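J.: Input: one structure, supplied below.
The values are calculated or read from the model by the stated rules, or taken from the named source; none is laboratory data. None of the values given here were measured: they were computed from a predicted structure. Glycine gets a Cβ as well: all are built from the backbone with ideal geometry, and neighbour counts include every protein chain shown. To get the accessible areas, we keep the full protein, side chains included, count just its heavy atoms, and leave off ligands, DNA and RNA. Shrake-Rupley method; radii C 1.70, N 1.55, O 1.52, S 1.80 Å.
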Amino acid sequence: MIDRSAFILNASPAKVGFIVHSNHYVAYDESHMLWYGIYEYAFSHPEKMDFYVTNTEAQSSLLREQFKKYKGIEPTIVAIPVSGVDKLYFPGKARRKHSLVTAGRLMLGKRTDWLVEAVVIAKKEIPDLSLDIYGEGIEESKIRERIDELKCTDYVKLCGFQKLDKVYQKYEAYISASCGETFGVTFLEALGSGLPVIGFDKPYGAQIFIDDGKNGYKLTCETVEELANAIVRLFVEADFEAFRQHSYKKAKEYSIEEVEKRWKEILQKIR
């Protein structure tokens, strides 16, 4: 397998598979496609590739359409998740009431400051609401300053980087304000602990892991106010037990066994 390769020499008789691990294009119109830089060679020379792998079926489908429209070809493209759940996690004791969790790199595109602001607004309706933020990154100091400015240090916490597989089940729900995820590993981890999820309707994480109204809310309006409204709606209106069971059910679709099965299928196919 290769990843981010710019050139392939004398690969034969080996088979070549290319991993598409992030958004694969910058822009396109009716006649031209601008591929994301690190994929330019691999997409411009499909004759050198035996297959391509994306994280989600949605991305695979789009890539197939683009190859057919702009290059007139139909290469082998498969969807194999970059991650899977090894088991489902159930809480040993009651989850902390009205508790939210988020996790990931603290960077601009994650818009973690929006979550802080949304929780401050929603707390007016849910007095014991709390948010724990896991992760590290270049935006950490700005987020900390925003927490101080909004005087919410007693219920919004920066928890640093931690192994979270046995942490999610302590909380009642997961929330994200990210402007996009190629896959959304933390979304999947949250589902594996039975958490309902709130996020924006952006490729590809929220789109594949949230079934709107069944295990969370997929928001089309990207505002802090909409996040706050969704938080209140979740804790006031939702059938939490039904939402949790639906999250567990979706997590099972991404078991390690299922990921291994997909790899075996494509490797057998190209042999």
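J.: List every residue whose amide H lies under 5 Å from the amide H of VAL156, counting only residues 5 or more places away in sequence or on a different chain, with H placed 1.01 Å from N in the peptide plane.
T.: When sequence neighbours closer than 5 places are left aside, the close amide H contacts are LEU131.
J.: Students often get this wrong, so check it: of LYS15/LYS166; LYS110/LYS151; LYS71/LYS249; LYS15/LYS110; LYS15/LYS202; LYS87/LYS110, which have C-alpha atoms separated by over 32 Å?
T.: Flagged as over cut-off: LYS15/LYS166; LYS71/LYS249; LYS15/LYS110; LYS15/LYS202.
J.: Moving on. Percent antiparallel among DSSP beta bridges with both residues in the chain, to the nearest 5?
T.: 10
J.: Using Cα centres only, tell me the gap between segment 95-135 and segment 143-158 in whole Å.
T.: Centre-to-centre (Cα) distance: 10 Å.
J.: Less than 15 Å Cβ to Cβ from ARG111, Lys/Arg counted +1 and Asp/Glu -1: what total charge do the surrounding residues give?
T.: -4
J.: Cβ under 12 Å from ASP212's Cβ, ASP212 left aside: what net charge do those residues give with Lys, Arg +1 and Asp, Glu -1?
T.: +1
J.: If the chain between SER83 and LEU108 were fully stretched, how many nm would it gain, using 0.36 nm times the residue separation less the Cα-Cα distance?
T.: Answer, rounded to one decimal: 6.6 nm.
J.: Send over a whole-number figure in Å² for the accessible area per residue of the chain, probe 1.4 Å.
T.: Solvent-accessible surface per residue comes out at 51 Å².
J.: Residues with beta-carbon under 9 Å from that of ALA177, excluding ALA177: net charge, scoring Lys, Arg +1 and Asp, Glu -1?
T.: Summing Lys and Arg as +1 and Asp and Glu as -1 gives 0.
J.: In what sequence, highest mean first, do 73-82, 104-113 appear when ranked by Cβ atoms within 10 angstrom?
T.: Highest mean packing first, the order is 104-113, 73-82.
J.: While we're looking at this one, here's another question. Considering the convex hull of the alpha carbon atoms of segment 112-210, report its projected area averaged over all viewing directions, in nm², one decimal.
T.: Its average projected convex-hull area is 6.3 nm².
J.: Here is a follow-up. Residue separation times 0.36 nm, minus the C-alpha to C-alpha distance between GLU237 and LYS261: what's the value?
T.: Gain on stretching GLU237 to LYS261: 4.8 nm.
J.: Follow-up question, since we're still on this one. Given the options GLY184, GLY84, GLY137, state which has the largest fluctuation in a GNM of the chain using a 10 Å cut-off (strictly under) for Cα springs.
T.: Most flexible of the set in this elastic network: GLY137.
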